[in-house]
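Every number here is computed from the coordinates shown, using simple stated rules; none is lab data. Small disclaimer: the values here were computed from a predicted structure and weren't measured. Ideal geometry is used to build each Cβ from the backbone, glycine not excepted, and the neighbour counts take in all protein chains shown.
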Amino acid sequence: MVMKILVNGEEKEAPVGVSVSDYVKALGFDPETVVVELDGHILARADYSCKQLREGCELELIRFIGGG
Amino acid sequence: MSQSFVLPDYQELARLIATRTDSDVLRALRSPVLSLGDLAALLSPEAERYLTEMAAKSQAITTQRFGRVIQIYAPLYVSNYCTNRCLYCGFSAEHPIRRRRLTLEEVEKEADTLRLRGVNHLLLVSGEAPKMMGVDYIEEVAKRLKGRFASLSIEIQPLTEAEYARLFAAGITSVAVYQETYDPELYQRLHLAGKKSDYTYRLATPERAAAAGMREVGIGALLGLGDWRAEGLALGLHLSWLRKRFWRTGLTVSFPRIRPAEGGFRALAPVSERNLTQLIFALRLFDHDVGLLLSTREEARYRNGMVGLGPTRYSAGSCTSPGGYAEGENADEQFAVDDDRSVAEVCAAIHGQGYEPVRKDWDACFQA
Amino acid sequence: MLIIAGRPFASRLFTGTGKFSSSDVMRKALDASGCEMVTVALRRIDLNDPEDDIMQVLDRNKFFFLPNTAGARNAGEAVRLARLARASGGGHWIKLEVTPDPRTLLPDPVDTLVATEELVKDGFVVLPYINADPILALRLQDAGAAAVMPLAAPIGTNRGLITRYQIEIIIAQARVPVVVDAGLGAPSHAAEAMEMGADAVLVNTAIAVAGNPVRMADAFRQAVIAGREAYEAGLGAISEEASASSPQTGLDFIR
């Protein structure tokens, strides 16, 4: 079963009940290097594996890049 | 709670000055910005032969920063009661002088007399006698005089920050407090009794006044007590520390100098006019923005000559005994005035030097 | 030794990690620069490119990462970015950049002060990037900033110390380290900033877009060392133009 969520402003599909850390891994990213904002709140890294995504939620995935 | 100003070992200051060489002086004269080491060089005996060059630089800096003006002020002695026993002062509790504390009405009368003579910047002075002359009294005086003078300053006993804040609200805008000597050992020998014997409390007074919001704080040393060169370096240190910590506060330095007086206290280490001049120039080169005050302790001839060379404020028509303006003296004075010209005469002399005497530089109504 | 918020830094050259042609060049240039502190920015992940991860390229044991809030247009955005950076395990240090004008990238003084106050209260070590405004620098120090970072010239312009006079004032008045940041286009500019008494400099564009970034990084490294040496050695006083006339009155009046 899939649901629709928003990731970095784009509409995407995700398995129902997937955890944040599993979803991030599925996208090809290492949860250790990614900052997650779920529905406008910063998620503590410790909660990535237990927090489940829900239909229509808004995910912001942020990480460090080069900058001055 | 951040730290208070602490002076390095006083003997170290003297040693630093004593070891300055001619090339240290030359380097100091050529630097646009002076370090404390440069100040020490300019205060040293090695710098004496460069007094003319120092005068030229001091004049250039003062003119550029302040313009061709000298601000006029006058002291109003409200009381000569004093609980301290400072060996060098005419108001010492030891001395059987006629004591007087002006009533509020008498203060107003004195003040009006000064206003009529053209004085707009008033310095309220008293001996240090908290019971006779406490904060309540000064607060009342400030309230009574509010609006009549462009600025009201005080030179009284050290107060707490809360007391300064009260006085600021009442209309006092600046505080002068002189350490007398920055040498802690000498300080103890000279201030035998009374609250003034607390060196550290007095040293921290400028900070308390600044923290309370005073627009200006004045510091100084009584020249003739300690080694004037070391006092000059201590003043420089105190000035830069205050500038860093209280960047919104205006700063001034005064140069009260013990003059030989009949039967009076003799200076422990007499300071000549040349010495005083070197000190003034050195501080001006070190700090381009500090106000420098010359009082009527100095003679007319000297004060005329110094117009434009560094000092920025002159007292005029001064009387150092309470009640002396309106009534003529009937209480004893703190020190003998050597420049007894009237306000009008001092202003004329300043004009004569090609400078403008400024009688009013601020307005009480700007103060909230 | 340079100390910011109680932490010592062996190198007074800080480098940015943006604008490099490749991660490999960036890594080599940073090594050549000898720097210890590097800045990084925060951005949304490019979902199509999982490989592009600066944290894989740079060794966290070798470099101290200073996240910046580049992209923030107001205090609210900057504070959010700072908290995101902290949440990512980036530590509680933040280089605060509030740049509402994307053309000039000049920092907003008002929102920088507001954000500094909020972030200091929230336990951050704040290094605000500002225009070279001495009063603003004092206000930020009063608010608890751990350093101030005045610009020499707008980001990326490589124009050198066009704000030199104000930076002199900032350095003279500062109670915290002063890091000259932005606009340093050549090693000589960096040396000059250090000779003036700056505690450190931050360089990004000049190294990243140089013909040979690795050699340029090394040149900046040497310049910063040279400038600091000169400052500590006590630069010879510059002789001013002679003040032509002696005072109109001589000193004969003195007895």
Discussion item. Helix C:213-233 against the longest principal axis of chain C: what's the angle in degrees, Cα atoms only, rounded to the nearest 10?
Written reply: 30
Practice prompt. Average the reciprocal distances over every distinct pair of alpha-carbons in region B:17-167, invert the result, and give the Kirkwood radius in Å.
Written response: 19.0
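How many Cβ atoms of partner chains, on average, are near each residue of A:23-33 if near means within 10 Å of its Cβ?
On the way: counts 0, 1, 0, 0, 4, 6, 5, 4, 0, 3, 7.
Mean inter-chain Cβ contacts per residue within 10 Å come to 3.
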Worksheet, complete the sentence: region C:1-79 and region B:209-271 have their Cα centres apart by a whole-number Å value of 50
Item to complete: List the relative contact order of chain B as a percent without decimals, with contacts defined as Cα pairs under 8 Å and 6+ residues apart.
Response: 25
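Which order, highest average first, do B:245-257, B:36-48 follow once you tally other Cβ atoms within 10 Å for each residue and take the mean per peptide? Walk me through the numbers before you get to the answer.
Numbers: B:245-257: 19.6, B:36-48: 22.5.
For the peptides B:245-257, B:36-48, the packing ranking is B:36-48, B:245-257.
Given 25 °C and 0.890 mPa s, how large is the Stokes-Einstein diffusion coefficient of the protein assembly as shown in µm²/s, with Rh as the Kirkwood radius over Cα pairs? Provide the component values of the computation, followed by the final result.
Details: Rh = 28.8 Å.
The calculation lands on 85 µm²/s.
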Worksheet item: Which of the GluC sites (Glu not before Pro) found in region C:17-92 are in a DSSP loop and have at most 11 neighbouring Cβ atoms, other than their own, within 10 Å?
Response: C:Glu51
Worksheet item: For region C:7-233, what Kirkwood radius comes out of the mean inverse Cα-Cα distance, in Å?
Response: 17.4
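Compactness ratio of region A:2-62: Cα Rg over 2.2 N^0.38 Å, N = residue count?
Working: Rg = 10.1 Å, N = 61, 2.2 N^0.38 = 10.5 Å.
Here the answer is 0.97, to two decimals.
Could you grab the Rg to Rh ratio for chain B? Cα atoms only, Kirkwood for Rh. Please list the in-between numbers first.
Working: Rg = 19.4 Å, Rh = 20.7 Å.
Over the Cα atoms of chain B, Rg/Rh equals 0.94.
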Worksheet entry | nm² value of the averaged projected area, convex hull over the Cα atoms of region B:200-296 | 6.8
Fill in: Cα-based helix-to-principal-axis angle, C:109-121 vs chain C, degrees rounded to 10
70
Response to the item:
Both in Å, the radius of gyration and Dmax of the C-alpha trace of region C:115-180 are 11.8, 36
Worksheet item: Say each of C:Met1 and C:Arg164 gets a label point 7 Å from the Cα, pointing the same way as Cα to Cβ; how far apart are those two points in nm?
Response: 3.3
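Considering every pair of different Cα atoms, what Kirkwood radius, in Å, is found for region C:17-120?
On the way: mean 1/r = 0.0678 Å⁻¹.
After inverting the pairwise mean of 1/r, the radius is 14.7 Å.
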Worksheet item: Can you give me the Cα centroid spacing of region C:94-120 and region C:123-172 in angstrom?
Response: 12
Discussion item. Give the lysines whose C-alpha is closer than 30 Å to that of B:Lys244, dropping any in the same chain fewer than 8 places away, or say none.
Written reply: B:Lys57, B:Lys195, B:Lys196, B:Lys360, C:Lys95, C:Lys121
